[in-house]
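Encoded as C-alpha cells, the structure appears first; notes follow it.
The values are calculated or read from the model by the stated rules, or taken from the named source; none is laboratory data. If you're wondering where the values come from, they're calculated on a predicted model, not measured in any experiment. Methodologically, a virtual Cβ is constructed for each residue, glycine included, from the backbone with ideal geometry; neighbour enumeration extends over all protein chains shown. The accessibility values were calculated without ligands, DNA or RNA, using every heavy atom of the protein model including side chains. Shrake-Rupley method; radii C 1.70, N 1.55, O 1.52, S 1.80 Å.
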Protein chains: 2
Amino acid sequence: MAASSLLAAILALQLLLLLVAFTPAPAAAASPSKRPIHQPPSFPAGISTLRRRAASSSGRLATEAVKPFTAHYFPQELDHFTFTPNSSRVFSQKYLLNDTFWRKPTGPLFVYMGGEADIEWLATTTGFMFDIAPEFGALIVFIEHRFYGESKPFGNDSYKSVDMLGYLTSTQALADFAILITSLKQNMSIVDAPVVVFGGSYGGMLASWFRLKYPHVAIGALASSAPILHFDDITPWSSFHDTVSQDFKSESLNCFSVIKAVWDVLDNRGSNDTGLLELSKTFRACKTVQFIYPLSSWLQTAFIHTAMMDYPTPANFLMNLPAYPVKEMCKIIDSFPAGADVIDKAFAAASVYYNYTGDQKCFQVEGGDDPHGFKGWGWQACTEMVMPMTVSNESMFRPSSFSYEKMSENCLAGYGVRPRMHWITSEYGGHKIDKVLKRFGSNIIFSNGMRDPWSGGGVLKNISSSIIALVTEKGAHHLDLRSATKDDPDWVVEQRRQEVEIIHGWIDQYNKDTAQG
Amino acid sequence: MAASSLLAAILALQLLLLLVAFTPAPAAAASPSKRPIHQPPSFPAGISTLRRRAASSSGRLATEAVKPFTAHYFPQELDHFTFTPNSSRVFSQKYLLNDTFWRKPTGPLFVYMGGEADIEWLATTTGFMFDIAPEFGALIVFIEHRFYGESKPFGNDSYKSVDMLGYLTSTQALADFAILITSLKQNMSIVDAPVVVFGGSYGGMLASWFRLKYPHVAIGALASSAPILHFDDITPWSSFHDTVSQDFKSESLNCFSVIKAVWDVLDNRGSNDTGLLELSKTFRACKTVQFIYPLSSWLQTAFIHTAMMDYPTPANFLMNLPAYPVKEMCKIIDSFPAGADVIDKAFAAASVYYNYTGDQKCFQVEGGDDPHGFKGWGWQACTEMVMPMTVSNESMFRPSSFSYEKMSENCLAGYGVRPRMHWITSEYGGHKIDKVLKRFGSNIIFSNGMRDPWSGGGVLKNISSSIIALVTEKGAHHLDLRSATKDDPDWVVEQRRQEVEIIHGWIDQYNKDTAQG
C-alpha cells in the first residue's frame, strides 16, 4: 500500500470522534510497529466497530414505527465569510420538522443543532425534545450539520479533497444554523417566536457557542455534555482517560486492574503470527488479524464507549446496552475464577458492549461500516477541533503523551492541512470562562454527568445567575437528552425537571420583555 | 469606453463610503442620462473630492512632527473560516503601537479597530485615545483593517478580482483583530491585561460587534457614531438625508430652500454644452465638465460631508473646516442679496468645504486622488454593507428611491457578485436590539452626535445598565474620538468625561473579578 495511505491510517488512530468514537493515541504512539496498515484512511478506527444493527433499532419514541418528523431541504450558502467564486454556490441542507405539539404562531421553536452524524439518527436519539415539546407547544426543528448525512455540499465527492472539505468548519455550521432559522421563521411568518437551541456533545458545543454568537437568533441554549473547555491547556489532558478509568475503578478495583494488565499481555501474545491467530480465535474475529493493534483498539473502544454510555437504564444509542453497563462489565470480570486469563476476562467484558443481545457470530475487529455517517469528524479533529489528550500512568490504559508538532505533521500528511491549534479558543473563548461570562451573556445550561469521560472538559459550575451548570454525579454522555423512561432514577428526572423549569423561565422572560413593547 | 466600465461607474455612484464619502443614489437614479462615464470604476465618487492636502495636515497631536507610534506587521491568516488551499496563505497586517504611557504589565490595552482607511491616518485623527491613555497607563494599539492601507493581502493586485477581494469581509476583519490581539498579548506576556476596543463609524460598528462576538478578547467597546442599525428596515431609509437637511434647516430656512432649489436649476442649465461650459466656469472646474452629474455630486458631497463634520471647533478631518461649518455655509448663503443666483449661492457655500483656506485655484470636480485609501468600501457596500438609503420629498436633495433588485444587478455588473442583502443582521443582529441585548452582553458605549447624518442608524437609548448610549444634541460624526481642544464646548467635554468614567468602571470591575481568583 502507498505510504500516504499508511500515514492516513496512523492519523486516523490519533483522532477522536467526539460523540461516539475515540481511538486513543496511546496504543499507536507506544507501539508504532503494530500500527495497522489496512484501516480505511481518514476515518477514526473506533467507529469501525459500529454495526448497522445499532442504527436500525435505535430510538424509543412512541411513534417509532412512523418517523416523528418530516424532512426538508434548505438552499444554504457554501461560504458565509468570503465572496470568492465558490461562495455563490449553494447546497441542500437537510432539516426535520415536527409540528404535532406546536401552538402556532407564538409557541417556541426547539432547534437541535446537529453534530457529526446524520440528523435522522440524532433526532431519534434525542427524545427529550419530543417529551417536553407538548407542555411548551413547541415546534421541533432538527438541523443537519454540513458535510454529514444528506447535507454534503459536493455530494459523494465531499470528502475527496481539501478544496471541498475546507468548508467543513464550526463557524460555517453556526452561520448555517443562523441563516436557516432566520429564514424559516420569516417564511412561516413567526419572526417573533422565541428560539431555544439544544445540542449534545459536539452539537452541545455548537448550541452554547450559538447562544453566545447569535443571541439575536436564540434566546437560550441547552448544551448537554459539551466539552467546550477541552482545548489548549484549560482542561488537564489526561482528564478523559482518567474518568473512564475512574468509572471502572469505582465499580471494582479488580476490574480496573484486570483491564490495566491486558495491554501488555496482548502485545506479548500478538508479537508473532501464531499468537495473532490464537488471539483472533479468542476474540472471535471474523478475519484473522495481522497486527495486534485492531484487537487492542477494539477493546479500548468497548471500555471508552461503555463509560460514555454508562446510563442507568437499558439503552440503544450506539449499541444495545444494559443499565449501568460498566457495572455489568466489571461483574463479569470479577466473576472469573482467580487464575483465569486476563484476555478472556477482557473479551468477556467487551462482549457486553459488542454483543449484549448475543446475536453476533463473529466480530469485525478491523473496522466495519459507518451507519451514522461520522466520517467528517476526522477532518474536524485535524483542523479546528484540536483537543489534546494524554493517558496518565494512573489510568487503566497504556500511558501516552501528546505532541502538537506530531499531530500537525500527521494532519498535513493525512489531509493536506495543518491544524489551527488554538483557533477554537481564539474564536469562542474558553480560558477563564467564569470571568469572561460572569458579566456577559445569559441563558445557557451546561449539563453534564460526571461518569462521562467528556465531563472534565465541560462547564461544571454556575457562571452567573443564568449561565448554569447542572451536574449529576452518576450521569453519562448527554443522558438528559434521551427520552424519559419509567425506570429513570430520581436524579435524572430532577435534572430534566430543572432544565424544563429554566427554559420556561427564558421563554416567560422573553414574552414579558416583548410585551413591554 | 466599455459597457462594464460604465456600469461600474454607475454602481460607484450608488455606493456610499461610510466614514467620509457618500455619493447619494438620487442624482444617478433621477437622471440616468447624466451619469458620468469617466469616473474610475468601483470607486465612490464622493471620495474624488479629497485632496492630498487634507491628509498631510491632519492631526492635532502635540507629537505631530514625530509620528506618535511605531509600525509593526503581523502574519495574518487570509481565511479564518475555511481550510481551502488559499487559506494557508498569510498576509502582513499592519498595526501601530504607542507604549509611552503604558504601565506594563497590568495597564490596559486600548485597541482601535481600523475601518476603511489607512491606519496611520486613522491614528492621527483619533487623538482621544492618546489624550486619555496617560491616566489609564494604557498601551495604545491601532490595527489596520485588511485590504486597506498597507494591509493588502495580494499587494497591488488586491482589488483586481473577486478571487482576491472576496476575502474583504467584516467577519474576517473581526477574526483578524481577535487573532492579532491574542497573539500580541501572548508575545508580550500580558495575557491578563484587559483590552478595551475603540472605533468610529464603520470601525465603531466593528468595535461593538467585536465586544459582542469576542467578549473573551475585549472587556468593553466604545463604538462612536456606529450606524449598526442602518440595515434592513430597522432605520427609516430617508434618515441620513433627512438629518443632513435638518442640519441646514436648523441654521436657516432660507439656506435649506436655496440648496433644495439648486438641483433643478443645475439640470436645466446643464442640459446643453453652452450651459455646461458656463457652469464649469462658475464652479471653477479645472476641466470643463461634459455632464451635469459631477457638478451636482460635487455640491452634494460638500453639504453631506460638512454635516458629518459639523464640529464645534475648527477641524481638519477630511478638509480644513471652521467651527460649526454648516452655520458658516448658511451664513454665506443668507448674506447674498435677494435676487442673487442660486448657483452662485450654492457654489459659495460649497467653497467653505472645498476651499476654506482659500488656496485652491480650480477644483477637480470630476474626482481626484484617494489619499487615505478608501477604495475597498465600494466592494464592502456591494457585498455585506447594504445600507438602503432614499431621499424623501422633505429633504433638500433630489428625492430618490432604493431598490434591492437594482442594487443587486448593479453590484453583479460592477464587481461580479451579488450583495447578501440581509447578512449583516443575520450575523450581527440589529432587529429589536433593545430586547436582544437587554439581558445579553455588557460594556458597550454607543456614542452619537445628533447632527451626524449617520446618527439615525445608531443606538440612541441605553439598552441595559452597561450597554449605554451617550448622545449629544450638537455633536457630529465621532467628534468624541478627536483630540480635546481648549475651545471644546462643555457638552463634548462632558461626553468624553462620561466615556472615561465608564471605561474606568469596566477596568476596575475586571481587576476586581480577576483578583477574586
Inset, instruction - Give the angle, between 0 and 90 degrees and rounded to the nearest 10, that separates the Cα long axis of helix A:239-251 from the longest principal axis of the Cα atoms of chain A. - result: 70 degrees
Legend entry - Cα-based reach from residue B:361 at 18 Å (exclusive), listing lysines while leaving out same-chain residues under 8 positions away: B:281, B:287
Inset, instruction - List the residues whose amide H sits under 5 Å from the amide H of residue A:93, counting only those 5 or more places along or on another chain, with H placed 1.01 Å from N in the peptide plane. - result: A:74, A:76
Legend entry - Most positive-pole-ward Cα, B:464, A:386, A:138, against dipole of the protein assembly as shown from beta carbon charges: A:386
Legend entry - Across the identical copies, how the residue A:92 labels are spaced - nm, sorted shortest first, 7 Å along Cα→Cβ: 4.9
Inset, instruction - Enumerate by residue number the trypsin sites (Lys or Arg not before Pro) in region B:71-131 meeting two conditions: DSSP loop (anything except H, G, I, E, B), and at most 16 other Cβ atoms within 10 Å of the site's Cβ. - result: B:89, B:103
Inset, instruction - Using Cα centres only, tell me the gap between region A:400-439 and region B:320-389 in whole Å. - result: 51 Å
Legend entry - Chain B, rotation onto A, residue closest to that axis via Cβ, with its distance in Å: B:81, 2
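How large, in Å, is region B:191-248 by the Kirkwood hydrodynamic radius built from its alpha-carbon pairs?
Working: mean 1/r = 0.0784 Å⁻¹.
About 12.8 Å for region B:191-248.
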Inset, instruction - Please determine, in degrees from 0 to 90 and to the nearest 10, the orientation of helix A:170-187 with respect to the longest principal axis defined by the Cα atoms of chain A, where the helix direction is its Cα long axis. - result: 40 degrees
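Quick one: what do you get for chain B if you divide its Cα Rg by 2.2 N^0.38 Å? Please list the in-between numbers first.
Values: Rg = 22.4 Å, N = 517, 2.2 N^0.38 = 23.6 Å.
This ratio for chain B stands at 0.95.
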Legend entry - Average beta carbon contacts from partner chains per residue of A:375-385, 10 Å cutoff: 1
Inset, instruction - Would you grab the residues whose amide H sits under 5 Å from the one on residue B:422? Only those 5+ places off in sequence or on another chain, please, with H modelled 1.01 Å from N. - result: none
Legend entry - Interface A:B - total buried accessible surface [probe 1.4 Å, Å², rounded to 100]: 4400 Å²
Inset, instruction - Sequence neighbours fewer than 8 away in the same chain don't count; with that in mind, list the aspartates and glutamates whose C-alpha is under 18 Å from residue B:185. - result: A:232, A:233, A:427, B:77, B:99, B:144, B:176
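Based on DSSP, what percent of beta bridges with both residues in chain B are antiparallel, to the nearest 5? The partial results should precede the final answer.
Working: 16 of 42 bridges.
Among the beta bridges of chain B, antiparallel pairing accounts for roughly 40 percent.
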Legend entry - Qualifying trypsin sites (Lys or Arg not before Pro) in region B:485-517, DSSP loop, other Cβ atoms within 10 Å at most 15: B:486
Legend entry - Pseudo-label separations to other copies for residue A:494 - Cα-to-Cβ vector, 7 Å, nm: 5.6
Inset, instruction - For residue A:192, place a label point 7 Å out from Cα along the Cα→Cβ vector, do the same in each other copy, and report the separations in nm, one decimal, smallest first. - result: 4.8
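Considering only protein heavy atoms and a 1.4 Å probe, what is the carbon-and-sulfur percentage of the accessible area of region A:238-355?
Summing carbon and sulfur atoms, their accessible area is 52 percent of the total for region A:238-355.
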Inset, instruction - With N denoting the number of residues in region B:145-297, provide Rg(C-alpha) divided by 2.2 N^0.38 Å, to two decimal places. - result: 1.55
Inset, instruction - Quote the charge dipole size of region A:238-355 about the Cα centre in Debye, to the nearest 20; the model charges only the Cβ of Lys and Arg (+1) and of Asp and Glu (-1). - result: 200 debye
Inset, instruction - Could you sort out which of B:94/B:375; A:461/B:438; A:213/B:461; B:486/B:512 sit more than 28 Å apart by Cα distance in this structure? - result: B:486/B:512
Inset, instruction - Could you tell me how many degrees, from 0 to 90 and to the nearest 10, lie between the Cα long axis of helix B:342-354 and the main elongation axis, the longest principal axis, of the Cα atoms of chain B? - result: 30 degrees
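Using a 1.4 Å probe, what is the accessible area per residue for region B:238-355, in Å²? Spell out each step's value before the answer.
Values: 3990 Å² over 118 residues.
Each residue of region B:238-355 exposes 34 Å² on average to a 1.4 Å probe.
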Legend entry - Hull-based mean projected area of the protein assembly as shown, where the convex hull spans the alpha carbons, in square nanometres: 42.0 nm²
Inset, instruction - List the relative contact order of region A:381-472 as a percent without decimals, with contacts defined as Cα pairs under 8 Å and 6+ residues apart. - result: 22 percent
Legend entry - Qualifying lysines (Cα of each under 21 Å from Cα of residue A:249; at least 8 residues distant if same chain): A:260, A:327, A:331, A:345, A:474
Inset, instruction - Project the alpha carbons of region A:253-309 onto their principal axes and report the range along each, largest first, in whole Å. - result: 32, 21, 15
Inset, instruction - Give me D for region B:238-355 in µm² s⁻¹, whole number, from Stokes-Einstein with Rh from the Kirkwood sum over alpha-carbon pairs, 20 °C and 1.002 mPa s. - result: 148 µm²/s
